[in-house]
Structure formats: structure tokens, C-alpha cells
Amino acid sequence: MRTKLSEKIYRALDGFRVEIPSWGFANTGTRFGKFIQAAAATNTEEKFSDAGQVHAVTGICPTVALHVLWDLPNGPASVSDVLHFASRFGVRPGSINPNLFQDQIYKFGSFGNPDESVRGEALQHSKTSIQIAKQLASRDVSFWFIDGSNYPGTANIRERKRLFEDYLQRIHAELAPDQRMLIEYKPFEPAFYHTDIADWGMALHFARAAGPQAKVLVDTGHHYASQNIEQIVAWLLSEGMLGGFHFNDRRYADDDLTLGSIDPYQVFRIFHEILYFEWETSGGAEIAYTIDQSHNLKGKIEAMIQTVNMAQELFAKACLVDYRRLSQAQKKSELVEAECCLQDAFATDVRPAIREWRASNSVPEDPMQAFRDSGYLERISVERASRNMSSVSSYA
Ligand code: RM4
Ligand code: MN
Ligand code: MN
């Protein structure tokens, strides 16, 4: 017999899916070095295999975000391999991430580069990425740019803005009607003086300049400390411009720590703004929830399961906010009452209801335990150990 509370949670969880990143399963590191894990995935096939494990035990990760250069090393010629891995391991390709930062030509930027031939290469790679997305039936192509400069006076900021408007429009023209391009912002790193798409306002401007299928992608780690991320989310929702998220947690900069490990209330507040918006507008917001984490110290598959569980739990808590009570309290400026609406929901233990939901969806009640019991980790640790000593993916 379901209670009213678990009824609410069931409905919310039925519609909640999280995309996991292929790069979260490979050996990656910091710019100071890499700690190799014997069990890390060494190729695209192994990344799909690991992602399939996460989906099998959680039931809510049916898609994998792919990086074109890392996961499709032969470009469009790798598409058939990816489709084969997808059907073999039971997870579909998700968002496609062009790589406009790793090649030597991008030293001074991609679309903002003063050299027209480099901009041309970046455009060509973007077009190829969109082509790949079409062949994989991926809706979203996510763009993140390193473009910026390190020293005052070294870049023409206005000219670079104009170039970005121009090239993003050209990319937009390549999209199929059902595709979207997501524009990610980041205030610093690798550029440390100015970044061409430094914040959500700039990303919003560029998305509008590009065309109607361009939206903003919010990476939770890409903000200055203490910035109010849920306000950014609320504004983008109200403008119809929120395309998706890259989830991770942080204390200092773009730390890419496990979601909710430092500040679970932050993630709850983001989900709350989305669900409150949906309640007010009686409509579903079209938002891609994606994890952008690659763990250097934690076991990669365990860390991914932990992250997905946390996202699910915080989403379930957020759906418990009493919106009617909240909007009444807000209208009357009953501050303590309004704040308690959020705090009551956040304090609710949703884990029993989530376990029930899993059982009724034929998913293990405890995904982490199920993964540990499966023996998968022990098997791949042996199989991949020697290859891992020689293969290390890069990660910005
Ligand atoms: C960036 C950003 C992008 C990711 C790269 C590798 O910091 O978060 O989404 O693709 O790192
Ligand atoms: Mn990101
Ligand atoms: Mn990042």
C-alpha cells in the first residue's frame, strides 16, 4: 500500500534519467599527474560495458555522453562500432561532445582564434560531430570552448565575440530539426585572464545569436565560489533557455568532485527550481541531466553509481516540496514558513521509497551492493591491468 508521499516520489522517479559520461570510466587525472586504476576502461567498448553495468544496477542511466575524439577515434567511420557497443551493452549514445581544445592548432582558441584556417578546422570538426550525432540518433551536441586569453591586451575581446556569433550561427545551420546545440560556459581555466564564454549571460547571448535550437548548458562546477546557481537556473527556465546540466560538486574551482559530496542542498535547490517551474507552468522542461565527473582516486564505476544514487535521492527530496503552501507563503512574505517548505522536503528520508520504487522496476534495491556482488570489478581489474599501464586518456 503506497502512501501519498511515496506516490509523489514514484511519479518523479518514473521520469528521472541521468546521462553518464564515457570519460568517467577511463584513466584521467589532474594536470599534475594521473593515478592509474587497473579496472579503468581502455577503449570505447569497455566504456560502454562499464556504463551498461551502471545502468543495469540503477535503471536510470540509459544513455552515455560521448567525446568525439576520445570515443570515435576514426570519426564517422567509428559510428558502426559505437552502435554495435550500444546494442551489446544496453546503453544508447547520448550527447555528443566535439573536441575543440586538444589539438595543437587550438593553442590560441577555436572559433575565437585570429587565424581563419584554425576557425575553419574547428567548424569542420563541429560539422562532423553533428553528422555523427545524426547517425547515432543523438539529440544534443554539447560545445565547450577553451577560448580565451592569459594576459591583458593580448586578445581583441569584441572581435572574438563577433567571431563566436558568426561561427555558432554556422553550426546551428547544420542541425536537424530535432537536434539541439548546448553551449557550456566556464569563467576560467584553461584561460586565466579572459574566457570568451565566461558565464551564463554570455552563453545565453550566444545561444540566442546562434538560433532557436541552441540552449545553455550549466556545469555546476563552472561558477565562482558562492554564486547562486539556482537563480541562474530559474532565470534560464523563465527564458526557455535551459538545455541541460553537467553535474559535479566542488569546493574551490572546477573540482569535479562527486555530486552532493560537498553541498547536497545546492543540488536540491537546483532541482527545486526546476520542479517548481514545472508545477507553475504545468509543463515539462526539456532538460538533459548529465554527469561530468572523472574520478582520479575513487573507483570509477562505484563513484558513478554513488553519483547517480545521490542525484536520484536529491531529485526525490525536491519533489516533496509543497508548492501550494510555498507559493502562499511567498505571496504573504511568510519567510520562515516559506523556507520550511524547502527544509521539510530536504529533511525527509526518501530512501525507503526509492528502494520500493527500484523493486517495482526490477532494479536491485541497493545498486552499490549489487555491483559489488556481481564480481564485474574483479574480472575487469585482471583483464585490463596490463593495458592500463600503457594507455591514459586525457581530460581537461
Ligand atoms: C571542461 C568542461 C567540459 C568537459 C571538459 C573536458 O572543464 O567541463 O564539459 O568536456 O572539461
Ligand atoms: Mn562540463
Ligand atoms: Mn569542467
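The values are calculated or read from the model by the stated rules, or taken from the named source; none is laboratory data. Please read all numbers here as calculations on a predicted model, not as lab measurements. Cβ atoms come from the backbone with ideal geometry, glycine included; neighbour counts cover every protein chain shown.
For the residues 183, 171, the requirement of being within 19 Å of the chain's Cα centre (by Cα) and either of a type outside the set (S, T, N, Q) or within 16 Å of ligand 1 (Cβ to nearest atom) (or both) singles out 183. Scanning segment 316-326 for residues that are surrounded by fewer than 18 Cβ atoms within 10 Å (Cβ to Cβ), touching a residue at least 12 places away in the same chain (Cβ under 8 Å) and not hydroxyl-bearing (Ser, Thr, Tyr) gives 322, 325. Selection within segment 76-96: residues that are in a helix (DSSP H, G or I) and charged (D, E, K, R). The member of this set that is nearest to residue 137 (Cα to Cα) is 81.
Scanning segment 164-192 for residues that are touching a Gly at 6+ places or on another chain (Cβ under 7 Å) and part of a loop (DSSP other than H, G, I, E, B) turns up just one, 191. For segment 14-46, filtered to residues that are among the charged types (D, E, K, R), more than 20 Å from residue 95 (Cβ to Cβ) and within 16 Å of ligand 1 (Cβ to nearest atom), the residue that is modelled with the highest pLDDT is 34. Count of segment 288-310 residues, restricted to those that are more than 16 Å from ligand 1 (Cβ to nearest atom), closer than 23 Å to residue 348 by Cβ and of a type outside the set (S, T, N, Q), is 3.
Look at segment 368-380: where a residue is surrounded by 17 or more Cβ atoms within 10 Å (Cβ to Cβ) and a partner is in a helix (DSSP H, G or I), sitting 6+ places away or on another chain with Cβ atoms under 6 Å, you get 370/57; 371/57; 371/305; 376/53. For segment 206-224, state whether one or more residues are buried (at least 24 other Cβ atoms within 10 Å of the Cβ) and of a type in the set (Lys, Arg). Scanning segment 206-224, I find at least one residue that is buried (at least 24 other Cβ atoms within 10 Å of the Cβ) and of a type in the set (Lys, Arg), so the answer is yes. Taken over segment 284-302, the residue count meeting the criterion of being assigned to a loop (DSSP other than H, G, I, E, B) and of a type in the set (Asp, Glu) is 2. For segment 13-35, the tally of residues that are surrounded by fewer than 21 Cβ atoms within 10 Å (Cβ to Cβ), among the hydrophobic types (A, V, I, L, M, F, W, C) and in contact (Cβ under 8 Å) with a residue 60 or more places away in the chain stands at 2. Among the residues of segment 38-94, the ones that are among the hydroxyl-bearing types (Ser, Thr, Tyr), within 15 Å of residue 291 (Cα to Cα) and either surrounded by fewer than 19 Cβ atoms within 10 Å (Cβ to Cβ) or in contact with a Leu (Cβ under 6 Å, 6 or more places away or on another chain) (or both) come to 0 in all. Scanning segment 1-35 for residues that are among the aliphatic types (A, V, I, L, M) and more than 19 Å from residue 376 (Cβ to Cβ), we see that the one that is farthest from ligand 3 (Cβ to nearest atom) is 1.
Mind telling me which of the residues 137, 176, 191, 122 ends up being touching a residue at least 12 places away in the same chain (Cβ under 8 Å) and crowded, with 22+ Cβ neighbours inside 10 Å?
None of the others qualify; the one that does is 122.
Filtered by the rule that a residue be of a type in the set (A, V, I, L, M, F, W, C) and modelled with pLDDT of 95 or more, segment 1-13 gives 9, 12, 13. The numbered conditions (1) within 16 Å of ligand 2 (Cβ to nearest atom); (2) at pLDDT 95 or above are all true for residue 55 except (1).
Looking at segment 327-385, the helices (runs of 4 or more DSSP H) lying wholly inside it that each contain 1 or more residues that are over 17 Å from residue 52 (Cα atoms) and of a type in the set (Ser, Thr, Tyr) sit at 351-360.
Look at (1) free of Cβ contacts under 8 Å to residues at least 40 places away in the same chain; (2) closer than 22 Å to residue 387 by Cβ and you find that residue 38 fails only one, number (1). Of all residues in segment 141-153, those that are part of a loop (DSSP other than H, G, I, E, B) and modelled with pLDDT of 95 or more have Cβ atoms under 8 Å from Cβ atoms of residues that are within 16 Å of ligand 1 (Cβ to nearest atom) and among the polar types (S, T, N, Q), 6 or more apart or on another chain, in 144/97; 145/110; 146/110; 147/110; 147/195.
The single residue among 253, 329 that is surrounded by fewer than 20 Cβ atoms within 10 Å (Cβ to Cβ) and free of Cβ contacts under 8 Å to residues at least 40 places away in the same chain turns out to be 329.
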